[in-house]
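Attaching a single structure in structure tokens format; questions to follow.
The values are calculated or read from the model by the stated rules, or taken from the named source; none is laboratory data. From a predicted model like this one, the values you see are computed outputs, not experimental measurements. Heads up, the Cβs are rebuilt from the backbone with ideal geometry, glycines too, and the neighbour counts pull from every protein chain shown. With ligands, DNA and RNA removed, areas are computed over all heavy atoms of the protein, side chains included. Shrake-Rupley method; radii C 1.70, N 1.55, O 1.52, S 1.80 Å.
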Amino acid sequence: MNMPVLAQHTVRGACPHDCPDTCALKITVEAGRVIKVAGDPDHPPTHGALCTKVSRYAERSYHPERVLTPLKRVGPKGLGRFEAVSWDEALGDIAARLTAIAMRDPQAIVPYSYAGTMGLLQGESIAARFFNRLGASLLDRTICSSAGGEAVAMTYGGKIGMHLEDYAQAKLILIWGSNSIASNLHFWTFAQQAKRAGAKLVCIDPRRTETAEKCHQHLALLPGSDGALALGLMHELIRNGWLDEDYIAAHVDGFEALREQALAWDPDRVAAVCGLSADEVRGLARDYANTKPAAIRLNYGMQRTHGGGNAVRLIALLPCLTGAWRQRGGGLLLSASGWFKDFIDSATLQRPDLGSGRRPRVINMSTIGDDLLRPASADFGPKIEALIVYNSNPVAVAPESPKVVAGFQREDLFTVVLEHFLTDTADLADYVLPATTQLEHLDLHASYGHTYLLINHPAVAPIGQAKPNTQIFRELAARMGFTEPCFSDSDEQLARQAVPRLDFELLSRQGWVKLPLPELPFANGGFATANGRAQVAVAGQGLPGYVPPYESVQSAPALAARYPLAMISPPARHFLNSSFANVKSLRSIEGEPLVELHPDDAAPRGIADGAMVRVYNDRGSYRCKAAVGERARQGVVNGLGIWWRKLGFDGTNVNELTSQRLTDIGRGPTFYDCLVEVAAE
């Protein structure tokens with residue numbers, strides 16, 4: 001695409017990353033080069049502010065290590081040695097290899113993608129059409145949020161909740177499983193407005209995060225015990241008569257059965273499971289019941305354990321039991337993405353009908369390590385012969401990485417990676433295809449943290465030989481003989497097809513549009529369930545309850561005798577999953593790979609602050625530096641991620657230790673359900 005070189009001008013864009021904020025950008029371009037990326041002051045959620053990461057986005061696009069030509073592997077797999085080839089040669093060879101595999105069984109080809117961009121176009125548009133037409137295996141995209149997302153949808157009928165701006169009206173905010181300052185900055189600004197107006201902020205998190213330090217109270221519960229705490233709050237609401245019985249009778253189905261279960265969870269029992277005091281449980285329940293309006297900002301950290309789905313179901317019921325939905329500033333938000341369902345035409349964008357009625361198998365992205373090593377069988381289907389990776393870095397981010405690496409190292413696995421850089425995954429590819437960054441392509445962005453749809457206009461022409469994902473899959477489809485007209489749709493045509501109910505001209509001109517939604521969505525019920533009522537019991541799942549971790553001192557005492565420390569692996573503040581880990585300025589701020597330990601855990605192990613340590617369990621071993629201090633609670637260590645493996649001390653990262661076990665709901669990963677030991681070197 002040829003773009004005119006103009007004098008300094010501003011282009012409207014959107015942040016592409018996996019963050020609930022989905023910021024509106026104002027990108028300043030001079031002489032065909034981006035010189036500044038700033039937040040749009042007119043977009044209410046963004047209000048002109050950006051996180052440190054995205055404010056340096058131009059540094060990512062112009063990074064000297066950017067992949068700017070197609071690359072073909074030379075030499076043994078895993079050495080990361082490539083030679084530049086033409087697009088013609090790369091696409092011709094890839095198409096020939098995929099065609100040969102598809103003739104045997106197209107399900108042997110697997111797409112692997114997630115949220116390297118959250119864009120509707122550069123994510124799953126032409127790519128989805130391509131794989132649907134091919135008949136490839138389907139990918140169950142579970143790696144981040146499926147447990148919580150499915151759980152809240154069971155309760156409310158969709159991934160829906162409070163409006164972001166209404167948190168400013170709350171008088172109590174429970175920030176549950178979220179380091180908002182690092183991962184939800186723009187929510188935090190509304191929480192700060194509430195705080196300045198007298199609201200109390202409570203952080204519920206095993207780690208003493210930057211957010212916890214700024215709240216009035218921090219409840220450092222044990223990982224995986226959130227469901228027990230929710231039941232304890234219900235116990236106190238019931239016992240003290242703090243329920244909104246009228247709201248429950250009119251707008252909640254099935255609470256009576258849960259009432260009896262909750263009464264068994266008195267504060268002393270909850271305290272023992274959660275590692276809190278009984279008074280902390282009682283005090284939180286009293287504050288939640290008697291401070292109005294009360295809001296919960298639930299985030300995805302707490303659902304990455306065995307019982308994460310059930311915990312979300314229980315927490316999602318709390319504002320229904322107190323009638324918090326009646327007031328502006330009351331309620332709960334985990335994800336707003338369900339609000340976009342009626343405004344985005346996913347079927348037209350992705351064209352599942354191209355599958356011609358075929359029902360390919362489904363591969364769970366969270367078990368890719370095991371699945372790449374499976375032989376063909378009647379239950380599993382064909383052995384995976386080809387993997388097409390885009391918008392993801394599975395070798396770094398997928399759990400139990402020793403198995404993931406072993407799978408990617410198979411000489412008989414044909415791997416194509418669309419990327420900006422030679423990531424851990426790209427190093428193991430047969431072909432690396434240069435993809436554009438957000439500054440170089442058109443896209444649309446919904447949000448899971450607010451209710452505005454955004455457009456991203458290309459600010460500059462593609463750098464080098466980079467192409468948008470959409471164009472790469474268009475050209476690959478043509479090479480494979482796919483002649484359906486939908487593979488010729490331009491990016492602008494895709495964008496218009498995606499949002500037929502919204503004013504595209506306004507969106508294009510302004511950069512964003514607000515969805516037309518009720519101001520107080522559930523003040524009078526009206527949930528997105530079949531009968532409009534919040535659901536307690538769900539067919540196939542029954543009542544929500546406390547599901548203990550797979551690995552904890554209480555649930556697995558024999559394992560805990562060898563590995564007595566629970567490990568969570570929250571993101572490093574200046575990375576976003578594995579994105580930005582190679583941006584020098586951000587890596588220099590982040591420092592080195594760390595595990596945080598409480599002084600009472602470090603001292604008996606002879607571990608000093610700054611010492612090199614080995615974190616290990618039966619799945620693997622990981623070397624990093626120790627940070628001894630109060631960020632970790634006793635009995636829990638925090639392995640900050642996600643560093644690229646090759647940027648670690650010995651070519652590994654924290655996922656060397658995590659497991660491929662799945663959550664109770666949503667088939668999600670259990671990253672924070674992990675016992676380890678730590679030893680000084």
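Measure up LYS214/LYS292; LYS403/LYS584; LYS584/LYS646 against 25 Å on the Cα-Cα distance and list the ones that go over.
Pairs exceeding 25 Å: LYS403/LYS584.
I would also like to ask the following. Could you pull out every residue, at least 5 positions away or on a different chain, whose amide H is within less than 5 Å of the one on LYS467? Hs are placed 1.01 Å off N in the peptide plane, and Pro or chain starts have none.
Here the answer is ALA435, THR436, since their amide H atoms fall under 5 Å of that of LYS467.
Here is a follow-up. Toward the positive end of the charge dipole of the chain, about the Cα centre and with charges on Cβ (Lys, Arg +1; Asp, Glu -1), which of MET154, ALA537, THR652 goes farthest?
It is THR652, whose Cα lies furthest towards the positive end.
Right, here's the next one. Please pull out the direction-averaged projected area of the chain, using the convex hull of its alpha-carbon atoms, in nm² to one decimal place. Let's see the in-between values first.
Working: hull surface 113.4 nm².
Spelled out: convex hull of the Cα atoms, projected over all directions, averaged, 28.3 nm².
Moving to a separate point now. Viscosity 1.306 mPa s, temperature 10 °C: give me the Stokes-Einstein translational D for segment 536-667 in µm²/s, with Rh taken as the Kirkwood radius over C-alpha pairs.
Values: Rh = 16.4 Å.
After rounding, the answer is 97 µm²/s.
Rounded to whole Å and sorted largest first, list the principal axis extents of the Cα atoms in segment 246-297.
So the three principal-axis extents are 35, 27, 18 Å.
Assuming R0 = 35 Å, what is the FRET efficiency of ALA406 and ASP353, from their Cβ-Cβ distance, to the nearest 0.05?
Working from the Cβ atoms, E equals 0.40.
Starting with the highest mean, order 343-352, 409-418, 151-160, 294-303 by the number of other Cβ atoms within 10 Å, averaged over the residues of each peptide.
Details: 343-352: 16.4, 409-418: 19.0, 151-160: 24.0, 294-303: 27.2.
Highest to lowest by the protection proxy: 294-303, 151-160, 409-418, 343-352.
Once you charge only the Cβ atoms, +1 for Lys and Arg and -1 for Asp and Glu, what is the size of the charge dipole of segment 262-386 about its Cα centre, to the nearest 20 debye?
320
If you plug each phi of segment 243-251 into the Karplus form 6.51 cos²θ - 1.76 cosθ + 1.60 with θ = phi - 60°, what whole-Hz ³J(HN,Hα) values come out, in order, with x for Gly and Pro?
After applying 6.51 cos²θ - 1.76 cosθ + 1.60, I find 7, 8, 4, 5, 5, 4, 4, 8, 9 Hz.
Further question: What list of ³J(HN,Hα) couplings, whole Hz, do you get for segment 293-310 from phi and the Karplus terms 6.51, -1.76, 1.60, once you set θ to phi - 60° and write x for glycine and proline?
x, 10, 10, 10, 9, 8, 10, 7, x, 6, 9, 9, 9, 3, x, x, x, 5
Right, something else. How large is ³J(HN,Hα) for each residue in segment 415-426, as worked out from phi by the Karplus curve 6.51 cos²θ - 1.76 cosθ + 1.60 (θ = phi - 60°), to whole Hz, x for Gly and Pro?
Working through the residues one at a time gives 10, 10, 10, 8, 8, 9, 9, 7, 6, 4, 6, 4 Hz.
Would you be so kind as to identify which of SER401, SER377, VAL417 lies farthest towards the positive end of the dipole of segment 374-427, taking Lys and Arg as +1 and Asp and Glu as -1 on Cβ and the Cα centre as origin?
Farthest towards the positive end: SER377.
If you take the Cα Rg of segment 288-446 and divide it by 2.2 N^0.38 Å, with N the number of residues, what do you get?
Rounded to two decimals, the normalised Rg is 1.41.
Here's something else I'd like to know. Modelled label-to-label distance, LYS625 and ALA7, 7 Å Cα→beta-carbon offset: nm?
Computed distance between label sites LYS625 and ALA7 equals 4.8 nm.
Continuing with this model, one more query. Which Cys residues of the chain have no other Cys Cβ less than 4.7 Å away and so no disulfide-compatible partner by this rule?
CYS19, CYS51, CYS144, CYS274, CYS320, CYS486, CYS624, CYS674
Relative contact order for segment 108-210: what is it in percent, counting Cα pairs under 8 Å that are at least 6 residues apart? Each step should come with its number before you reach the end.
Working: 86 pairs, mean separation 22.3, N = 103.
RCO, segment 108-210: 22 percent.
If amide H atoms are built 1.01 Å from N in the plane of the peptide, which residues on other chains or at least 5 residues away come under 5 Å of the amide H of GLY449?
Result for GLY449 returns ALA336.
Write down the accessible area per residue of the chain in Å², having rolled a 1.4 Å probe over the full set of protein chains.
34
Past the 32 Å Cα-Cα mark, which pairs from LYS200/LYS625; LYS53/LYS514; LYS36/LYS467?
Over 32 Å Cα-Cα: LYS200/LYS625.
Report the antiparallel proportion of the DSSP beta bridges in the chain as a percent, rounded to a multiple of 5.
Taking every DSSP beta bridge with both residues in the chain, the antiparallel ones total about 50 percent.
Turning to a different aspect of this structure: As a test of the definition: which semi-axes, in Å, follow for segment 283-361 when you take the square root of five times each eigenvalue of its alpha carbon gyration tensor? Largest first, please.
Rounded to whole Å, the semi-axes are 36, 17, 9.
How high is the relative contact order of segment 399-529, given as a whole-number percent (alpha carbon pairs under 8 Å, six or more residues apart)? Display every interim value, and only then the final one.
Numbers: 125 pairs, mean separation 25.2, N = 131.
It comes to 19 percent, rounded to a whole number.
Could you give the dipole magnitude of segment 522-675 about its Cα centre, charging the beta-carbon of Lys and Arg +1 and that of Asp and Glu -1, in debye to the nearest 20?
Magnitude of the dipole: close to 380 debye.
Leaving ligands, DNA and RNA out of it, report the carbon-plus-sulfur percent of the accessible area of the chain at a 1.4 Å probe.
Here carbon and sulfur together make up 51 percent of the probe-accessible area.
Now a separate question. How would segment 411-541 be classified by its alpha-carbon gyration tensor: rounded, prolate or oblate, with rounded meaning a/c under 1.5 and the a/b versus b/c comparison settling the rest? Provide the component values of the computation, followed by the final result.
Working: a/c = 2.23, a/b = 1.59, b/c = 1.40.
Prolate.
Let me ask something else about it. What dipole magnitude, in Debye to the nearest 20, does the chain give about its Cα centre under +1 on Lys/Arg Cβ and -1 on Asp/Glu Cβ?
Dipole of the chain, to the nearest 20 debye: 500 debye.
Shifting gears a bit: Using the charge dipole of the chain (Lys, Arg: +1 at Cβ; Asp, Glu: -1 at Cβ; taken about the Cα centre), state which of TYR431, ILE368, GLY357 has its Cα farthest towards the positive end.
The Cα lying farthest towards the positive end belongs to TYR431.
How far is helix 87-104 tilted, in degrees, relative to the longest principal axis of the Cα atoms in the chain, given as a value from 0 to 90 rounded to the nearest 10?
The angle comes out at about 70 degrees.
Then there's this: Can you tell me the relative contact order of the chain? Whole percent, Cα pairs under 8 Å, sequence separation 6 or more.
20 percent.
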